[in-house]
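Q: I'd like to ask some things about the structure below.
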Amino acid sequence: MPVRIALFRGINVGGRNSLPMKALRELLESLGCVNVETYIQSGNVVFQHAATDDCNLSRDIGAAIKKESGFRPKVLILTEAELQQVIDDNPFPDASSEPESLHVWFFDGKLNNIDQDSIESLKSESESFFLTDRAFYLHAPDGIGRSRLAAKVERLLGVAMTARNWRTVSKIFEMTQA
């Protein structure tokens, strides 16, 4: 069975949409997922599943969480190869030594009509970004807490997405290799 990565958006953030990782693992196992492993409390899961359609799998996981917990998170499913590609495409390899300064937004869909000038206008002097058809990379050495670009990138790109720092991306990839 192929390895998949589920990135959940909005689980256990700010005291809202609480879903313990043990309950999430059990729920995924009830849907036929095997070798389910979670990383930190914000919804990062590595598992195997025989499904051939990741969109249907994502929808089924979201519906099961809604039924059990009363809220429906956005669930982005990646293959191991897709995650590997995001890692290979990293344009800021030096930032790996400070993994909290590099963030990746994973897209749930295709980009349309990108306003590069608006994106550039929000970038602070210390920030650098890079855009692929699958991800948006932001190197923010001063942090993303006050970054105008980080706050508005989803609206500017017009696609649903979820972000992870490079430490998390690297750890999730390590989990796929175990």
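Q: Towards the positive end of the charge dipole of the chain, with charges on Cβ (+1 Lys, Arg; -1 Asp, Glu), say which of TRP105, PHE129, GLY15 has the farthest Cα.
A: GLY15
Q: Sort 39-47, 66-74 by the packing proxy (mean of other Cβ within 10 Å over each peptide's residues), most packed first.
A: On the way: 39-47: 20.0, 66-74: 14.6.
Top of the packing list down: 39-47, 66-74.
Q: Per residue Cα convex hull volume for the chain, in cubic angstrom?
A: On the way: hull volume 20.5 nm³, N = 178.
Value for the chain: 115 Å³ per residue.
Q: Given the alpha-carbon gyration tensor of region 3-81, what are the semi-axes of its equivalent ellipsoid in whole angstrom, ordered largest first, with each equal to the square root of 5 times an eigenvalue? Intermediate results must be reported in sequence, preceding the final value.
A: On the way: eigenvalues 68, 33, 27 Å².
They are 18, 13, 12 Å, listed largest first.
Q: A further question follows. At what distance in nm do the modelled label points of GLN84 and ALA63 sit from each other, each positioned 7 Å from its Cα along Cα→Cβ?
A: The modelled label-to-label distance comes out at 3.2 nm.
Q: Further question: Could you give the distance between the Cα centres of region 82-111 and region 1-73, to the whole Å?
A: Using only Cα atoms, the two centres lie 22 Å from each other.
Q: Stick to Cα atoms and the Kirkwood definition of Rh, then tell me Rg/Rh for region 89-166.
A: Numbers: Rg = 11.5 Å, Rh = 12.5 Å.
Across region 89-166, the Cα-based Rg/Rh ratio is 0.92.
Q: Which peptide among 91-100, 113-122 comes first, and what is the full order, when sorted by highest mean count of other Cβ atoms within 10 Å?
A: Numbers: 91-100: 13.4, 113-122: 11.3.
Result, highest mean first: 91-100, 113-122.
Q: On to the next question. Taking the Cβ of ALA81 as the centre, find all other residues whose Cβ is under 13 Å away and add up their charges (Lys, Arg: +1; Asp, Glu: -1).
A: Numbers: positive: ARG4, ARG134; negative: ASP54, GLU80, GLU82, ASP88, ASP89.
That sum, taken over residues with Cβ under 13 Å, equals -3.
Q: With runs of 4+ DSSP H residues as the only contributors, calculate the mean residue ellipticity of the chain at 222 nm using -39,500 (n - 2.57) per run, divided by the residue total and rounded to the nearest 500.
A: -11000 deg cm²/dmol
Q: Same structure, new question: Counting only other residues whose beta carbon sits under 15 Å from that of ILE40, what net charge do I get with K and R as +1, D and E as -1?
A: +3
Any read-out appearing in this document is the output of simple, stated calculations on the displayed coordinates, not a laboratory observation. What you see is a predicted model, and the numbers here were worked out from it, not measured in a lab. Using ideal geometry, Cβ is built from the backbone for each residue, glycine included, and neighbour counts are taken over all protein chains shown.
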